[in-house]
Protein chains: 2
Amino acid sequence: MGLIVQKYGGSSVADAEGMKRVANRIVAAKRDGNQVVVVVSAMGDTTDELIDLAKQITPIPSGRELDMLLTAGERISMALLAMAITNLGHEARSFTGSQAGVITTSAHGRARIIDVTPGRIQEALAEGAIAIVAGFQGISQDTKDVTTLGRGGSDTTAVALAAALEADVCEIYTDVDGIFSADPRVVPTARKLKTVTYEEMLELAASGAKVLHLRCVEYARRYDLPIHVRSSFTTNEGTWVVKDHPQGGEMEQAIISGIAHDKSEAKITIVGVPDRTGVAARIFQAIADADINIDMIVQNVSAAATGLTDISFTLPKDEGADATAILQKLQGEVGFASIQYDDQIGKLSLIGAGMRSHPGITATFFGAMSEAGINIEMISTSEIRISIICRQADLERGAKAAHAAFGLDADSNEAVVYGGTGR
Amino acid sequence: MGLIVQKYGGSSVADAEGMKRVANRIVAAKRDGNQVVVVVSAMGDTTDELIDLAKQITPIPSGRELDMLLTAGERISMALLAMAITNLGHEARSFTGSQAGVITTSAHGRARIIDVTPGRIQEALAEGAIAIVAGFQGISQDTKDVTTLGRGGSDTTAVALAAALEADVCEIYTDVDGIFSADPRVVPTARKLKTVTYEEMLELAASGAKVLHLRCVEYARRYDLPIHVRSSFTTNEGTWVVKDHPQGGEMEQAIISGIAHDKSEAKITIVGVPDRTGVAARIFQAIADADINIDMIVQNVSAAATGLTDISFTLPKDEGADATAILQKLQGEVGFASIQYDDQIGKLSLIGAGMRSHPGITATFFGAMSEAGINIEMISTSEIRISIICRQADLERGAKAAHAAFGLDADSNEAVVYGGTGR
């Protein structure tokens, strides 16, 4: 007997058949003697359809009203899911984010959870009911307005609720079998991981793996809550996201857990920047003020003859135009020569908690890249991650080469389709 | 400068174009110096589509979850309408029934408004914003669950809010020009009424006129709140629903304000009922226990030789099967001979506050029916209404004949399409 929080994404409840399939799964967990809380996303493409409707009305919908609009999506799916469960003879009650006590900041479209006060959920559980909760939404502490949590929001709702309810596990259901050592669409020999640590998962998410969102993993780590990422289409064990890899297993822990690749970034190079104190700070402050997220930064050694240097950084392609505009405004003040914009880059990352205790990873990695004829343009590292920037055209070849070089290739063929978890 | 509550039905906001048209109207009222509160229904066929979705899941959705589902419809329309207004440069804020303080009973699908505490609406108005409120929905006082008000619910929301806010007028926008002396699809000479009293409107609604729902008119009468029923497609004056017809106008008040007809009822005749004390009571108690609404009742004079009588009553066709089943169960106990079911009847009603002071209405009415060759099967009257039951095939002919007999035919041709106001 335990308390399980399950989260189903939009693709799992895209239509009535999906609802019924998911309802059966939920009821099975209940029949196993568990208390069950379910977080559900909007059905299939509902959110996109609602955004389209808003765009027909106005190019710049107010955040408050857009949140009010979008939260209709989960309202529909949670009510239908509750009906499907009731139809199987089990009591189910649906709750909006507000009713479930998901208290957030008032930043519409990207609110952060401040607190979870799940009194009504606990009441429903105590009365033997299954609680269905709208993902992705909450209520602002200050304004009492409806808010949404932004991308990956439903995963975050599930983990936050699980933490508040002191659940035994948060099960994130998706359309893939778990978290893989690499994207199986790119690296066909990729294998499903049994466990991933929170830290590894954070690095994987930050490096472009789309299975779990950063904020949800951060939340789980803070409360030491196990996440089980698994498929809603099979009953196979998925991947457990936990604090540490289990010790004393039958084989030694792999040094590298996974390889992530990312084509969503672009590189901006500022050419001929005067190498004076404060110039780089001035540039990056202007970028930060515009809420643009910079990933990797490289500054060349200044040429002694000219006193000029080049600064390169990577950022999401979506923010490329804004960043370029900001830099152009700074040109007169800072006095650099030109700006180069390059959106044909790719980022390849190796992630593994075992990296800490194993030197020589970088040498193996760079050796594999060299053998594959791939030029490394930028490098960044953390304690458990190495990332490189290369040509986008070389990225998938690089992923395969690295996967083989670190012995990650699967013995069996667990070929599955890799994808996101909805929101 | 006044406070106006406007209500727009689903057909007025069926798509983005409709939203924009309605937004312009709302902004015009605001520019005229009024504080404006808008109650809006779900877009077009949204509610029916949501009900279809529920039916794909289960034949008997729970009331709580069905209400949760359906209220998504107004959530979508109110958020979009608020965006459309903001796009015109005016501040608008949308509010759910719960946020607007619409407190109801917990009878899902047919909740009644207990109280309206519109603090957040007043706050929005005080800050110069236009308030958009979801029609048809509220929050249960006891369970804090989301409720819906049933048919005509958005009209009731509008009137209840207008009363709580002490608004100057509640404008109900629809796709017809107002309330007519008869259904113009049946009586082409029908004319738009300038005023109708609450009592007349109640009788009209109870007699089959679909423009305003009974509960909304009851609410308006209780608070003496003027309702202005008008088209959202024109700026014409519509029909005012008020306490009394204005006095001292250029012409004498018409005796009959309107004629309503209704094809939705059926007649059940119980043949050979023993004429004993308590028998009729037993029959109608059983019908009432099943929540079946009876309209007209006629009991023949008992035949002295047999001590048997016949009892006929009318009821909504929808409830015919249930009522027949209940009566069949009673046959052994009560000992009547047989049941006859007739769904080919029509009801024709004359309504007019002037009836009180004018005798002879019945004679004129019955004379007109006789001249038109229409047989009257049942009669019922109130202080300001006469209704008859006739063959359904004769109903429209009867409506035209009565309309002419009471001098209601219009001079001008204000031909418009007659219809409902959505919910």
Here the residues within region A:86-102 that are of a type in the set (A, V, I, L, M, F, W, C) and either surrounded by fewer than 20 Cβ atoms within 10 Å (Cβ to Cβ) or without any contact (Cβ under 8 Å) to a residue 24 or more places away in the chain (or both) are A:L88
Kindly establish whether A:V133 is at pLDDT 95 or above and part of a helix (DSSP H, G or I). no
Can you report the number of residues in region B:33-70 which are open to solvent by less than 20 Å² (accessible area, probe 1.4 Å), of a type in the set (S, T, Y) and more than 7 Å from every other protein chain (Cβ to nearest Cβ)? 1
From A:Q328, A:Q392, A:Q340, grab the single residue that is touching a residue at least 40 places away in the same chain (Cβ under 8 Å), open to solvent by 70 Å² or more (accessible area, probe 1.4 Å) and not β-branched (V, I, T). A:Q340
Out of the residues in region A:242-279 meeting the condition of being at pLDDT below 90 and among the hydroxyl-bearing types (S, T, Y), tell me which one is surrounded by the most Cβ atoms within 10 Å (Cβ to Cβ). A:S257
Which residue pairs have Cβ atoms under 9 Å apart, sit 6 or more places apart or on different chains, and have a first residue in region A:140-163 that is free of Cβ contacts under 8 Å to residues at least 40 places away in the same chain and within 14 Å of another protein chain (Cβ to nearest Cβ) and a second that is surrounded by fewer than 24 Cβ atoms within 10 Å (Cβ to Cβ) and of a type in the set (A, V, I, L, M, F, W, C)? A:S140/A:I103; A:S140/A:A107
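Residue-wise test of (1) in contact with a Lys or Arg (Cβ under 6 Å, 6 or more places away or on another chain); (2) surrounded by 14 or more Cβ atoms within 10 Å (Cβ to Cβ).
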position	(1), (2)
B:T314	yes, yes
B:A323	no, yes
B:G332	no, no
B:Q344	no, no
B:G352	no, yes
Give B:L327, B:L408 a once-over and let me know the one that is more than 22 Å from the chain's Cα centre (by Cα) and assigned to a loop (DSSP other than H, G, I, E, B). B:L408
Can you tell me which of B:E91, B:E17 is more than 24 Å from B:A126 (Cβ to Cβ) and within 14 Å of chain A (Cβ to nearest Cβ)? B:E17
Looking at region A:263-305 only, could you name the residues that are in a loop (DSSP other than H, G, I, E, B) and more than 31 Å from the chain's Cα centre (by Cα)? A:D275, A:R276, A:T277, A:G278, A:N300, A:V301, A:S302, A:A304, A:A305
Of the conditions (1) within 13 Å of chain B (Cβ to nearest Cβ); (2) open to solvent by 10 Å² or more (accessible area, probe 1.4 Å), A:R110 satisfies every one except a single condition; which number is it? (1)
Restricting the first residue to region A:107-120 and requiring it to be on the phi > 0 side of the Ramachandran plot, which pairs with a second residue that is among the aromatic types (F, W, Y) meet a Cβ separation below 7 Å and a spacing of at least six or different chains? none
Does region B:78-85 contain any residue that is at the interface with chain A (Cβ under 9 Å from one of its Cβ atoms), open to solvent by less than 10 Å² (accessible area, probe 1.4 Å) and out of contact with any Ser or Thr (no Cβ under 8 Å at 6 or more places or on another chain)? yes
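The values are calculated or read from the model by the stated rules, or taken from the named source; none is laboratory data. This is a predicted model, so every value here is computed, not measured. When we count neighbours, we look across all protein chains shown, and the Cβ atoms used for this are built from the backbone with ideal geometry, even at glycine. Only protein heavy atoms, including side chains, enter the accessible area calculation; ligands, DNA and RNA are left aside. Shrake-Rupley method; radii C 1.70, N 1.55, O 1.52, S 1.80 Å.
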